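Undergrad: Structure incoming, see below.
The values are calculated or read from the model by the stated rules, or taken from the named source; none is laboratory data. Keep in mind that this is a model prediction, so the values were computed, not measured. Neighbour counts are summed over all protein chains in view; Cβ atoms, including those assigned to glycine, are modelled from backbone coordinates with ideal geometry.
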Amino acid sequence: MAIQRVVLHMAVALVGLILLTGLCFAQAEGVLPPGVKAVWDPAKAYRETTPTRERVCLNGLWRWQPAKKGTTAPPQDEWGYFKVPGSWPGCGDYMQKDCQTLYVHPSWKAANLGAVTMAWYQREITVPAEWAGRRGALSAEYLNSIAEVFVDGRKVGDLRFPAGETELTAACRPGERHMLSMLVTAVPLNAVMLSYSDTNATREVKGSVRHRGLCGDDAVSGNGAKSALPRNRHRILEGAASPRDIAG
């Protein structure tokens with residue numbers, strides 16, 4: 001009887017944990033207004049296919065939130081939503097205006113978005129089952145400036161300005177769902193710059209990044225076979241393009 005009571009208590013605790021997790025996700029989804037939803041179904045995503053390579057577009061609404069100082073792991077809650085590709089909001093001036101809608105979470109609604117230098121992105125991905133035996137990779141076509149890539153909470157690689165690709169083969173099992181998270185840091189090319197804006201004399205000003213975040217197309221790709229490619233490879237993707245307005 002004692003063993004049965006212990007098992008019963010463990011079952012109740014497990015159910016409570018599942019319900020709490022579901023409540024957190026329900027609260028996150030509640031950030032989006034009626035009629036707006038994040039489409040993460042790979043069957044609805046734009047694809048590019050060749051005899052030796054296939055790319056699945058990841059553009060669309062992602063979970064998003066400013067990163068807290070010292071953060072090292074993907075957050076569990078307080079998610080808003082922001083569209084990829086798109087420069088972070090808050091840097092509007094006469095040369096640039098915000099063009100994407102940010103769906104904010106109440107916990108950081110009053111944040112000064114123009115001062116944000118680090119932000120988290122997150123979305124679910126599914127590597128197609130037919131990619132078994134292929135090398136999987138995540139690519140970013142325009143990034144400002146550095147992204148740490150996590151799969152199911154574990155860091156698997158990095159991406160760096162201006163574009164790049166990182167290996168996902170060992171982290172993502174074909175045919176299964178995985179949670180992709182990215183911690184993006186906007187780093188100016190020069191921390192301190194010289195300004196001639198108002199006088200003939202120069203003055204030092206803090207460097208800044210105008211276009212911050214995932215500003216180009218993002219995709220997962222499966223190549224013909226597993227290769228000896230290094231874990232992280234950074235390259236400019238020439239000639240690759242996919243519609244930016246298709247949520248995937």
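Undergrad: Can residue 78 be described as surrounded by 10 or more Cβ atoms within 10 Å (Cβ to Cβ), modelled with pLDDT under 90 and closer than 23 Å to residue 100 by Cβ?
TA: No; evaluated as a whole, the condition is false for this residue.
Undergrad: Which residues, taken from region 174-191, are loosely packed, with under 15 Cβ neighbours inside 10 Å and more than 14 Å from the chain's Cα centre (by Cα)? Give the derivation first.
TA: Just the residues of region 174-191 that are loosely packed, with under 15 Cβ neighbours inside 10 Å, to begin with: 175-177, 179, 189-191.
Answer for region 174-191, where residues must be loosely packed, with under 15 Cβ neighbours inside 10 Å and more than 14 Å from the chain's Cα centre (by Cα): 175, 176, 177, 189, 190, 191.
Undergrad: Considering only region 163-186, state which residues are charged (D, E, K, R) and part of a strand (DSSP E or B). Give the steps one after another, and end with the answer.
TA: Restricting attention to region 163-186, the residues satisfying the condition of being charged (D, E, K, R) are 165, 167, 173, 176-177.
Result: 165, 167, 177.
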